[in-house]
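All remarks here apply to the structure that follows.
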Amino acid sequence: MRYIILVLLVLQNFLWGFDYQNISLNFADSDKIHILKRLDIDEDFIYDKELNDLINDLKKYDIILFQRAIEKNPEIFSTLKQIVQKSTVPDQFLYMAMIESQFLIHAKSHKKAAGLWQILPNTAKLLKLKIDKNIDERLDPIKSTKAAIKYLDYLHQRFKKWYLVAFAYNCGETRLARAIRDAKSDNIFVLLDSSQKYIPKETKDYIRRLIVAALVANSKPIIKSASKIKKEDSILGTISMKESKSIKDIANSLHIDAHRLHNYNAHILTPLVPKGANLYLLKKYIKGDRLKVKSSYTLKKDSTLYALSKKFHTPFEILKKLNPHLKSFLIKKGTKINLPKINIAKSKITFKKTSSTKSSLKEKTEHISKKNEKLVTISLRFNNKISTIKNLNPDVGQNKKKGNR
């Protein structure tokens, strides 16, 4: 019983985060006709019974879920939107990714389709997307989107009308070509005839769902959510890795959340980002072909040193030593704090092959502990992994006592 009450309270708080009462489900005919024209559909389709049933069945919670999908993955939504807008594909096809995956990069189906665009393995080969034990480019947000657009353009060159492109994307171009041949027409009203089975019911529903998704995307709550996303903070950039590095190490170097960075790079299936692979992160962290590493940060709101240590994934003790000017528990908005200068592009500990061993440390350093110190403190000071220090000092535990070397 307590569990049910807790779930209801969480759901209630979730809904309160949205302007629930002011969500309108009334869509103007002019908006519907605009979408139909962009998809090469006759404007009389606004009277289609099943389309209107879908619109009438929409609940305010459906709008909220759409809104939530955008706000939960603003970087993915913004990046996809920019790519689609620069292409020849109608903007409405952006919301095909909402239908297919709800803008979730990791989305997979029982039919082995994967990614934002739910691309099947055979289609991936056709689109030259790499799939192996290290990388699955169907989960690559940028490459998969460009590949999907290329495929949509190809389908348009073959079938000439955008609604036919949506049909072909869902049921396959061979099936659609057969349907057009059997129906002796490519007219949408003929192909959607409920008394005939020219195309699968799922495909008939698909075009209607795309129209509804495009309508919802143009509703005030969704436009408001999209407008809140700052372009400079939400577009993904690309950097080609010159050497293998782990996502966690890269995230720590940039003082960003490793889970979020991994989400941008779901196409990398191994703990290490392979040499030569594309790494995606927000453009503000990229300068040319290198990563920007923060050495300071100005607070945008009041905080504490403990909260900042969590935010920048840096031990509390290190932050405290780097910021002796911070005397009080509460740190005021506008205060500048210093961060550790950890640059993965110029890591102090590197490995090189030698004739006698597979790898050896290029540089070793001795440190005599002047007081009891934690290994994590020493690892950050000398930019070494804790495991490396342990291997070099098998007689030392988690803490080094004063005088230990």
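A few remarks follow.
- Within the stretch 96-110, considering residues that are in contact with a helix residue (DSSP H, G or I) (Cβ under 6 Å, 6 or more places away or on another chain) and within 14 Å of Asp136 (Cβ to Cβ), the one surrounded by the most Cβ atoms within 10 Å (Cβ to Cβ): Ile105
- Residue list for the stretch 32-64, filter: of a type in the set (Val, Ile, Thr) and not in a loop (DSSP other than H, G, I, E, B): Ile33, Ile35, Ile46, Ile55, Ile63, Ile64
- Tabulated pairs, the stretch 113-125, first in the same structural domain as Tyr169 (by TED's automatic domain parsing) and touching a residue at least 12 places away in the same chain (Cβ under 8 Å), second among the aromatic types (Phe, Trp, Tyr) and not in a loop (DSSP other than H, G, I, E, B), C-beta under 9 angstrom, 6+ apart or interchain: Trp117/Tyr151; Trp117/Tyr169; Ile119/Tyr151; Thr123/Tyr151
- Test result for Ile135, surrounded by 18 or more Cβ atoms within 10 Å (Cβ to Cβ) and out of contact with any helix residue (DSSP H, G or I) (no Cβ under 9 Å at 6 or more places or on another chain): yes
- Residue within the stretch 148-156 that is among the hydrophobic types (A, V, I, L, M, F, W, C), more than 23 Å from the chain's Cα centre (by Cα) and surrounded by 15 or more Cβ atoms within 10 Å (Cβ to Cβ) present: yes
- Among the criteria (1) free of Cβ contacts under 8 Å to residues at least 40 places away in the same chain; (2) in contact with a His (Cβ under 7 Å, 6 or more places away or on another chain), the one Tyr198 does not fulfil is (2).
- Each residue in the stretch 304-355 was checked for being of a type in the set (A, V, I, L, M, F, W, C), at pLDDT 75 or above and in contact with a helix residue (DSSP H, G or I) (Cβ under 9 Å, 6 or more places away or on another chain), and 9 pass.
- Ser227 vs. criteria out of contact with any helix residue (DSSP H, G or I) (no Cβ under 9 Å at 6 or more places or on another chain), more than 18 Å from Phe103 (Cα to Cα) and at pLDDT below 95: no
- Inside the stretch 65-93, residues that are buried (at least 19 other Cβ atoms within 10 Å of the Cβ), in a helix (DSSP H, G or I) and either among the aromatic types (Phe, Trp, Tyr) or over 15 Å from the mean Cα position of the chain (by Cα) (or both) make up a count of 6.
- For the stretch 69-92, the criterion of a residue being modelled with pLDDT under 90, closer than 25 Å to Tyr264 by Cα and either outside the structural domain of Ile149 (by TED's automatic domain parsing) or of a type in the set (Ser, Thr, Tyr) (or both) is satisfied by at least one position.
The values are calculated or read from the model by the stated rules, or taken from the named source; none is laboratory data. Predicted, not measured: the structure shown is a model, and the values here were computed from it. Here Cβ is always computed from backbone atoms with ideal geometry, including for glycine, and neighbour counts include all displayed protein chains.
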